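So the structure is just underneath, and the comments pick up after that.
Read the figures in this text as sums done on the coordinates, not as results from a lab. Keep in mind it's a predicted model, so treat the numbers as computed, not measured. Don't worry about glycine lacking a Cβ; one is built from the backbone with ideal geometry, like all the others, and counts go over all protein chains shown.
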Ligand code: BTN
C-alpha cells in the first residue's frame, strides 16, 4: 500500500486529491492516510491541504524497490529483492533465505547493518543510508573449484557500474575496488557445497557511496564515490547498474568457463600487476613477490624473490612489505 501511494504521489504533478488516490488504488481514505503517515515516518515530506489533497515535496535518498525494478534489464538477477531498513548482516539473512529454499538471483539490501561482516573475520562499518550494502544469492551448476572466480565477476561488474557513473576504478585482486588507491568497495563471498556440487554462493558487496567521513581506523585507506567526486550518488541506480552488469558476465562464465570476459576486465583494471606484494603462504610463511598477472582461471600469478612461480587461488595480498 505504501509503495502504491508513493507511486501515485510521484506520478502527479503537484497536488493529488485523497479521493483520486482512493479511486486509483481501490482503497479507503483511511488506508491512504495511514500510508501517508508511514511514508512521512520514513523521511518523505508530504504536504496536505484541504480540498487539494497531497503533494510529494521531498524524497529522502532511500533504496527503492520499485525504482530498482524499473531500472533492471536482467532476467533473474535482482528480480526477487528485499530492501530492509536494518539488519545484522545482509549475508547472514541471505544465508537464512538460501536454507529456506530461496531461488537463484535473490538480492537482499539494507540501509544499515548492525553486524556487517568483512573478510577474515573483520567487521564491515555501516553508515545509515550512505553506503550500498547488499547480498546476492546464486545457485550455479558449477563444481566448487570454479566458485572462487565468482568474486572476480562481482568485482568486474562493480567496476563497470562505477565506470558508467563516471569513475576509473582499479581492481585489487580478488575482491576490492579502489579509487585513487583507496578502498571504495569490498566483496565477501560465502558458499555451501558438497565435494562435487554447490548448494549456494552468497556474494556480499559493500560500496561506499555518499559517506564523507570514516572512522579513524579506516579513514586513511577508505574512500567513497562522494568523497572523490564531491557530489552525492543515487544508490538505487548504482545497484541496478551493478546487477545489469553482473548477469551477462555471470552467464558468460557459465557458458564459457575457460575464458570469461570478466577476467579481461579484472586484468585491464588490475592494481597489482607489475607491483611488489607480500602475502602469507599456505605454510604460514611471509612471502614477497612480483605480480605477473591473472591466469585463465582467475589465479594471481606471482614470482617469488627466489625466482619460483606461484599461483594464488584466493587470500589476502598486500602491496609492498607486509607489516
Ligand atoms: C571486505 O572487504 O572485507 C568485504 C566486505 C563485504 C561487506 C558486505 S556489506 C553487505 C554484505 N553483508 C555483510 O555482512 N558483508 C557484506
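Some notes on this structure:
- Degrees, to the nearest 10: 29-41 long Cα axis against longest axis of the chain: 40 degrees
- For the chain, the longest principal axis of the Cα atoms and the long axis of helix 90-99 meet at an angle of about 90 degrees.
- Segment 77-209: translational diffusion in µm²/s, Stokes-Einstein, Kirkwood Rh over Cα pairs, 25 °C, 0.890 mPa s: 163 µm²/s
- Take the Cβ atoms of residue 70 and residue 103, set R0 to 22 Å, and the FRET efficiency comes out at 0.55.
- Euclidean distance of C-alpha centroids, segment 89-145 and segment 44-59, integer Å: 36 Å
- Sorted by Cβ density within 10 Å, fewest first, the residues 29, 269: 29, 269
- Size descriptor for segment 1-109, Kirkwood hydrodynamic radius: 15.8 Å (Cα pairs only, one decimal).
- The distance separating the Cα centre of segment 186-222 from that of segment 240-264 comes to 19 Å.
- Largest-first principal axis extents of the Cα set of segment 108-148 (Å): 37, 21, 12
- Over segment 22-64, the reciprocal of the mean inverse Cα-Cα separation, the Kirkwood hydrodynamic radius, stands at 11.3 Å.
- Cβ-Cβ FRET estimate between residue 7 and residue 283, R0 fixed at 51 Å, reported to 0.05: 0.30
- A Förster radius of 25 Å combined with the Cβ-Cβ distance from residue 259 to residue 192 puts the calculated FRET efficiency at roughly 0.35.
- Length gained on full extension, residue 20 to residue 252: 78.8 nm, using 0.36 nm per residue less the C-alpha separation.
- Taken over the alpha carbons of segment 204-274 as equal point scatterers, the Debye sum produces base-10 log I(q)/I(0) values at 0.11, 0.12, 0.28 Å⁻¹ of -0.42, -0.49, -1.16.
- Where only DSSP H runs of four or more residues are counted, the chain gives -9500 deg cm²/dmol as its mean residue ellipticity at 222 nm, each run worth -39500 (n - 2.57).
- Site pair residue 296 and residue 62 shows an inter-label distance of 5.1 nm when each label is modelled 7 Å from Cα along Cα→Cβ.
- The overall shape of segment 195-323 is oblate: from the C-alpha gyration tensor, with semi-axes ordered a ≥ b ≥ c, the ratio a/c is 1.5 or greater and a/b is no larger than b/c.
- For segment 102-178: Kirkwood Rh in Å [reciprocal of mean 1/r, alpha carbons]: 14.4 Å
- Diffusion constant of the chain at 10 °C, which comes from Stokes-Einstein with the Kirkwood Cα-pair radius and 1.306 mPa s, µm²/s: 74 µm²/s
- Restricting the calculation to Cα atoms, segment 132-243 shows an Rg/Rh of 1.02 when the hydrodynamic-style radius is the Kirkwood one.
- Remark: spin-label model distance residue 319-residue 229 equals 2.3 nm, labels positioned 7 Å along the Cα→Cβ axis.
- Principal-axis analysis of the Cα atoms of the chain puts helix 2-11 at an angle of about 80° to the longest axis.
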